[in-house]
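Nothing in this text is a laboratory measurement; each read-out follows from the coordinates by a stated rule. Here the structure is a predicted model, which means the values were calculated and not measured. Cβ: placed from backbone, ideal geometry, glycine included. Neighbour counts: every protein chain shown.
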Amino acid sequence: MRRACLLVLTTAVTFSACRRADPKPGSSPHVLETIAHAQEPNSNAGLSSEKHLDGAPRVTVAGYPDRPAFSALQRTKVMQQYPCQKCHTKTLDVLRAQSQVAVAQGKKASHWNVKLVHAPAVTMDCWTCHDQKNLDALRTLRDAPVSLDHSYQVCAQCHSRQAADWAGGAHGKRQGGWAPPRVVASCAGCHNPHKPKLEPRWPAMAGRRDLRFESAEPQTESPGANR
Ligand code: HEC
Ligand code: HEC
Ligand code: HEC
Ligand code: HEC
């Protein structure tokens, strides 16, 4: 009797374990259905930001192995004085002497627009970031070369918190759209490395144009009217 009871019980348990439970309304679907659904073609797959990126030149960001791969806009494509070797084939002493002559003649010095307003002078000079042996590259504090396209690596040495936020997407700006590929602005795309602090400014709408001043008709209104 006891053995028969046990048999009935085991059979019942076995059958109920094998039977697929009908999902009750509101309950989560069976795991096999979830798997089948996940394997169906995804109607969102294939979305791409590429058409909004307009073929923007970019480099793959290095140094964040725990992050899915992403890219940063390439800086050397937009830098005005790159390659530096256009002038820096001579030693600095020679260049400085030439520069003095040119300035005495009333010309502008080559780097008249570079004035370091960043960290205190005891902490930082040109050679904290630029490589004295190769002006076309930057260097880390431990003297490892860094390409100007990967200047974020130089910034990240001292601003590690902002750099981690940037790699995660909380600091900076994504280009194109939210669909892959992920392309972001490099630090130097927003911060001038020689004067990186952003000054406070009044809120204004991006790209706002005052069409009145672009019309072919002569202006009759005084500027600032109807604002
Ligand atoms: C048009 C020529 C020209 C180009 C291009 C140029 N430089 Fe120079 N650079 C000079 C001259 C001339 C000097 C000598 C000092 C001066 O004129 O201020 C100089 C000096 C420097 C110095 C030393 C500044 C000092 O006062 O000690 C640094 C750093 C430097 N350049 C970085 C660069 C980097 C980085 C690039 C490329 C991204 C570059 N330069 C491209 C002409 C040039
Ligand atoms: C905090 C790091 C840092 C320091 C310090 C620094 N630079 Fe630079 N510099 C950069 C980076 C990064 C770039 C590339 C900027 C970009 O991507 O547009 C650059 C670009 C330049 C350029 C090329 C600008 C252009 O638009 O083509 C010149 C010239 C230059 N630096 C000169 C100097 C001189 C001279 C000094 C010292 C007075 C100096 N830098 C100090 C990081 C630095
Ligand atoms: C060797 C260390 C060092 C490097 C490399 C460096 N910075 Fe800085 N940065 C500093 C220090 C120090 C200050 C000044 C902080 C202060 O005055 O409170 C500063 C200030 C700043 C500020 C202003 C912060 C504020 O309070 O508004 C910005 C933005 C900035 N750096 C961005 C950059 C960027 C972008 C780069 C790379 C091109 C860079 N830094 C590279 C050390 C560094
Ligand atoms: C899309 C533009 C953009 C990019 C890219 C960007 N920043 Fe900033 N950054 C800002 C703005 C805007 C602020 C806020 C300025 C303020 O509040 O006064 C800021 C603030 C900072 C500050 C001041 C302290 C703070 O957190 O407010 C530092 C330091 C800094 N950024 C470093 C970096 C570094 C390093 C990178 C690259 C790894 C970077 N930024 C990339 C726009 C940018």
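Details
- When the C-alpha to C-alpha distance is required to be over 21 Å, the pairs from LYS51/LYS173; LYS108/LYS197; LYS133/LYS197; LYS86/LYS107 that qualify are LYS108/LYS197; LYS133/LYS197.
- The fewest-to-most ranking of LEU32, LEU135, LEU53 by surrounding Cβ atoms within 10 Å reads LEU32, LEU53, LEU135.
- Mean silhouette area of the stretch 50-197, derived from the convex hull of its C-alpha atoms and averaged over all directions, reads 10.5 nm².
- Sorted by Cβ neighbour density within 10 Å, fewest at the top, the residues ASP149, ASP136: ASP136, ASP149
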